[in-house]
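One structure below.
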Amino acid sequence: MLPPAGPTEAERWVALGRAAAAEDLVRRLLATGAFQPVLVLAAEESDAARLAAAGAQPLEQRANGFQFGEALAQIIRGYGLEQLAYFGGASAPLASEQVLLGALDLMRSAGAATTVVNNLHSTDWALLGAAQAVTDRPQRFPNDNALGWVLSQEAGVPVLDLPASAATRLDIDTPTDLLAAADHPELGPALAAFLSQAPPALLEAVNQVRRVLRTPASQLTLIGRTSSHAWAQLERRTQIWVRVFAEERGMLASGRLERGEVRSLLYGLAGDSSPERLVQYLSAISQAVLWDTRVWMAAAGGWPSAADRFAADLGWVEQINDPNLLRLSRAIQASTIPILAGGHGVVAGGIYALLESMEAVDFA
C-alpha cells in the first residue's frame, strides 16, 4: 500500500494563508480585552505553536476523531462556560477590533441568551449567549455552518444576523478568498505579509477586476451561488452593468451535491462540448467575471480533489488531474479578460472585500 500523498503546493499555500489569518484573529481578539482566554483547537502542531506565540492557549486534540458539535460541547462543559465566542480559524480575516466589540455589544444589549452570528444560513463565527444549547444537541452540528440556523429553529435561541460586509462574510476556504482580501484596509499584518509574497500575476488579476468595478459602464458577470444582496451591493456602489447567472444555492446544505443532483444551465449549454466557446463568449460580453466554478464541477458529474480545485483557482493548470476541470481551467487561463474562479466566496464575501478595497484604494 502506498503512503497517503502529502498536501500539494496549492493546498499548502491556502493552509499558510489560513494560518496567517488565524494569527491576526487571535491578536485582535486579545487586543479587545473582552475575549479572554482565547482557546485554540488546531489539527497541526505547527499551527498550535504559532497561535500560542500570538497569545492563544492550545487545546489537545482528542484521539477518538473529530466531530465539530462534540468538540465544541466538550470545551463548553470542560470549562463550565455559559457564554462562548466561537470562530473558525480563518473565518474573520477582515473583522477589526471594532467589529468584534460591536458584535459583543449587540449580544449584551439584546439579552444574555441571545446569539449573534456572522451569517444565519452559513455560520462561520458566533457569539453564543446560551452555550448549553450546543451541549444539549451536539450531533446537530456536523460543522459550524449549522450553528445559527439550528439554534434559532430548533433550540429556540434568539439569533441575530450581522449585516453583510467583508468583515462578516469573507471566510477563507479557497485561494480566491485569500486573493480577494489583498489590499483591504482591515487586513491584518500576518495575512498582509503573506499576501505580499503571492504570485504577482494573481494579485494583478484581482486589481484588474477592481479597475472594472471602478469604470462606469463596464460589464461584470457573476456565475454561481451568488445572492440578491451581493448583486444589489454591486449596483448600489458601482456604476457598472452586472449580468447574473445564479444557480444551485444550498447545493451542499441540501445534500444535492452528495446525491449527484446538481444541475447547471451554463454547464448544460456548454458542458463537455465546448467550455472554450463559453469562456470566449463570456469574454465577449464582459470586462470581468467572478465565477463560482464549484457548480460547474458538480454538474460535470464529479467532485475533484481539493488539490485540483485549488490549483484551478490559482490557474496552476499543470497541477490539475481532473480532465473536465483541466479543460475548463485552460479555457479560463486563455481568456482575454480577468476571470476570478473559486468557490462560493468569490461571488459572496469576496464581492464585499473587492468593493471595500476598491473604495479605499485607487487601483487605476
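Suppose we keep only residues that are touching a helix residue (DSSP H, G or I) at 6+ places or on another chain (Cβ under 6 Å) and open to solvent by 20 Å² or more (accessible area, probe 1.4 Å) within the range 20-34. Which one would you say is nearest to Arg108 (Cα to Cα)? The residue in question is Ala34. Applying a threshold of 6 Å to beta carbon distances and a minimum spacing of six or more residues, or different chains, the list of pairs starting in the range 77-96 at a residue that is within 21 Å of Asp47 (Cβ to Cβ) and ending at one that is in a strand (DSSP E or B) reads Leu84/Leu128; Ala85/Leu127; Tyr86/Ala126; Phe87/Trp125; Ser91/Trp125; Ala92/Trp125. Residue under question is Glu318, and the condition is that it be open to solvent by 10 Å² or more (accessible area, probe 1.4 Å), without any contact (Cβ under 8 Å) to a residue 40 or more places away in the chain and either among the charged types (D, E, K, R) or farther than 24 Å from Ser91 by Cα (or both); does it hold? Yes, satisfied. Does Val346 meet the test of being open to solvent by less than 50 Å² (accessible area, probe 1.4 Å), in a helix (DSSP H, G or I) and in contact with a strand residue (DSSP E or B) (Cβ under 7 Å, 6 or more places away or on another chain)? So Val346 passes the test. Among the conditions (1) part of a helix (DSSP H, G or I); (2) closer than 27 Å to Val99 by Cβ; (3) open to solvent by less than 70 Å² (accessible area, probe 1.4 Å), Ala42 misses just one, which is (1). Within the range 45-61, the set of residues being open to solvent by 80 Å² or more (accessible area, probe 1.4 Å) and in contact with a strand residue (DSSP E or B) (Cβ under 6 Å, 6 or more places away or on another chain) comprises just one member, Gln57.
With the range 125-198 as the region, which helices (runs of 4 or more DSSP H) entirely inside it contain at least 1 residues that are buried (at least 20 other Cβ atoms within 10 Å of the Cβ) and of a type in the set (S, T, N, Q)?
Working: elements: 132-135, 147-153, 166-169, 175-180, 189-195.
Those helices (runs of 4 or more DSSP H) span 166-169, 175-180.
Report yes if Leu104 is modelled with pLDDT under 95, open to solvent by 10 Å² or more (accessible area, probe 1.4 Å) and in contact with a strand residue (DSSP E or B) (Cβ under 7 Å, 6 or more places away or on another chain), otherwise no. Judged against the criteria, Leu104 is not a match. For the criterion of being in contact with a strand residue (DSSP E or B) (Cβ under 9 Å, 6 or more places away or on another chain), open to solvent by 30 Å² or more (accessible area, probe 1.4 Å) and modelled with pLDDT of 95 or more, Leu16 fails.
The values are calculated or read from the model by the stated rules, or taken from the named source; none is laboratory data. Just so you know, these numbers come straight off a predicted model, no measurement behind them. FYI the Cβ positions are ideal-geometry reconstructions off the backbone, even for glycines, and counts take in every protein chain you see. For accessibility, only protein heavy atoms count, side chains too; no ligands or nucleic acids. Shrake-Rupley method; radii C 1.70, N 1.55, O 1.52, S 1.80 Å.
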